[in-house]
Amino acid sequence: MLKLAIDFGTSVTKIYKIGSGIVLAESTCVTVQKETGEIRAFGNEAKRLLGKTAELTDVCFPVYEGEIVNERYAAALLEYFLGKIVRRTFAVEVLFCVPCAASAQLREKYCRVAKSVGLSRVRFAETPYLVALGQDVPLSESNPVFALDIGAGKTSAAVFSLDGVIAGLTMNVGGNNMDVHIIDHIAETYNLKIGSQTSEKLKNTVGSLIPSDNQSTIINGRDITTGNPRSVAVSSSDILFPIRIYADKIAEYAGLVLRKLPAEVSAAMVKNGVFLAGGVAGIAGFGDYMADKLGMEIHVTGDPQMAVVLGGGRAIGNQSLLARIEME
């Protein structure tokens, strides 16, 4: 039986295939003709059309803030992705990477989508466990781990061991919130309207939590007053404010988790630190900023956006481990 781990993310879907590693990382979106509902483009091709389509075409995101909001489009997109990597004559077992404490209703949606595309067996694991596995953190009953998965639409924070989650929560805060706030900040500061792709690119190229950082780039947009196209140079310090707002919010929620811990577990956290994953964790200075806020050592893998699906691949490839961490 072929085994896959799938991180069906708000922004990007990642798939790990046992025997091959990470085989897909593509935008979780489709373009749809409004009148007929017909899907015209999938994945990265659809994402490139964001903000550029005619009135009769929409760019749709079937996963929003970690939830499947349109099962038909989600199934069509998943079938498209699977067609790139799987010969459908195989039986396929899938581990879906889901937010901490994902509801039974959310998992039922995943099961319906999986069934509609012919997946034979579906299992679930919460992303904080997979963050740890994706960074080769040893899991045991006696050594609790604190992990933060900062996605585009949701952030999951949990302290756990192989005995289960000790304290955790999932919040509707993530990279997309930063993107929206950057759009508003650029409009207020430069009188320039930019789109979501430009905002995301700006965050990923010059976004930084280092106050002295002086990276800069040129962005293009529409002058709000005249309506004419215009370009401006934007530096890291120019977008520090909107990035810091959400970094502070994530630190605040992480602090809530820490305050729920028994004293002995808190002592272990001081020793072990916090393991971060998600694209936001790759922002320059993010790890150091969180370390200052939480007063703990921060661990960030070389490619934080892939940590969860990498951990999912390691879990589904180890049945005894998966039996300990999967959601019932």
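At a glance:
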| quantity | calculated |
| --- | --- |
| Subset of the range 187-213 [free of Cβ contacts under 8 Å to residues at least 60 places away in the same chain, under 24 Å from residue 60 (Cα atoms) and surrounded by fewer than 16 Cβ atoms within 10 Å (Cβ to Cβ)] | 193 |
| Single residue of the range 259-281 satisfying the filter (small (Gly, Ala, Ser) and free of Cβ contacts under 8 Å to residues at least 40 places away in the same chain) that is farthest from residue 216 (Cα to Cα) | 263 |
| Residues being modelled with pLDDT of 95 or more, aliphatic (A, V, I, L, M) and assigned to a strand (DSSP E or B) - total across the range 69-97 | 2 |
| Filtered residue count, the range 38-57, keeping only those that are over 16 Å from residue 11 (Cα atoms), surrounded by 14 or more Cβ atoms within 10 Å (Cβ to Cβ) and not aliphatic (A, V, I, L, M) | 3 |
| Residues of the range 98-154 satisfying the condition of being among the β-branched types (Val, Ile, Thr) and not in a strand (DSSP E or B) | 113, 117, 127, 131, 137 |
| Cβ pairs under 9 Å, 6+ apart, first in the range 301-314 and of a type in the set (D, E, K, R), second outside any helix (DSSP H, G or I) | 314/5; 314/16; 314/136 |
| Failed item, numbered, when residue 256 is tested on (1) surrounded by fewer than 17 Cβ atoms within 10 Å (Cβ to Cβ); (2) without any contact (Cβ under 8 Å) to a residue 60 or more places away in the chain | (2) |
| Enumeration of residues in the range 286-318 that are of a type in the set (A, V, I, L, M), in a helix (DSSP H, G or I) and within 20 Å of the chain's Cα centre (by Cα) | 290, 306, 307, 308, 309, 310, 315, 316 |
| Residues located in the range 271-285, provided they are over 20 Å from residue 129 (Cβ atoms) and in a loop (DSSP other than H, G, I, E, B) | 283, 285 |
| Check on residue 50, under 21 Å from the mean Cα position of the chain (by Cα), under 25 Å from residue 195 (Cβ atoms), of a type in the set (A, V, I, L, M) and outside any strand (DSSP E or B) | yes |
| Tally, over the range 73-92, of residues that are over 17 Å from residue 9 (Cβ atoms) and either free of Cβ contacts under 8 Å to residues at least 12 places away in the same chain or among the aromatic types (Phe, Trp, Tyr) (or both) | 4 |
| Residue satisfying all of: in the range 143-196; farther than 19 Å from residue 274 by Cβ and of a type in the set (S, T, N, Q); farthest from the chain's Cα centre (by Cα) among these | 191 |
| Given (1) surrounded by fewer than 20 Cβ atoms within 10 Å (Cβ to Cβ); (2) in contact with a Phe, Trp or Tyr (Cβ under 8 Å, 6 or more places away or on another chain), index of the condition residue 276 fails | (1) |
| Filtered residues of the range 100-156 (kept if of a type in the set (Asp, Glu) and buried (at least 22 other Cβ atoms within 10 Å of the Cβ)) | 126, 149 |
| Leading residue by the ranking (modelled with the lowest pLDDT) among those in the range 1-47 that are of a type in the set (S, T, N, Q), over 25 Å from residue 310 (Cβ atoms) and assigned to a strand (DSSP E or B) | 33 |
| Sole exception among (1) surrounded by 14 or more Cβ atoms within 10 Å (Cβ to Cβ); (2) assigned by TED's automatic domain parsing to the domain that holds residue 295 for residue 219, by number | (2) |
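The values are calculated or read from the model by the stated rules, or taken from the named source; none is laboratory data. What you are looking at is a predicted structure, and each value in this text was computed from that prediction instead of being measured. Note: ideal-geometry Cβ built from the backbone for every residue, glycine included; neighbour counts use all protein chains shown.
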